[in-house]
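What follows is a single structure, written as structure tokens, with notes after it.
Coordinate-derived values only; no laboratory data. It should be emphasised that the depicted structure is a prediction, and the values quoted were computed from it without experimental measurement. In this analysis, Cβ positions are derived from the backbone assuming ideal geometry, glycine residues included, and neighbour counts consider all displayed protein chains.
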Amino acid sequence: MSFVICHLSFVICHLSFVICHLSFVICHLSLVIGHWSLVILPCSQSPVPSPQSLVSSTFNAIRAGKY
């Protein structure tokens, strides 16, 4: 009986570690996406760009890569 309780506590601990790791991965991905959006934006833009300028600068970067 104590083995079952120990095993269940190990499974719960492992699941919490997996959830913590997934949240860390999601946070890291959002940081990477935010960093690349800052790289794509030109330096002359304001520090807090509007969504329209973000979209237009992204399209400009895509067009510059194509041609």
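Just grab the label-to-label distance for residue 26 and residue 1, each label 7 Å out from Cα along the Cβ direction, in nm (one decimal).
Distance between label points: 3.9 nm.
Please give the length that would be gained between residue 57 and residue 33 if that part of the chain were fully extended, namely 0.36 nm times their separation in residues minus their C-alpha to C-alpha distance (nm, one decimal). Don't jump to the answer; show the numbers that get you there.
On the way: separation 24, 0.36 × 24 = 8.64 nm, distance 1.47 nm.
Contour length minus the Cα-Cα distance gives 7.2 nm.
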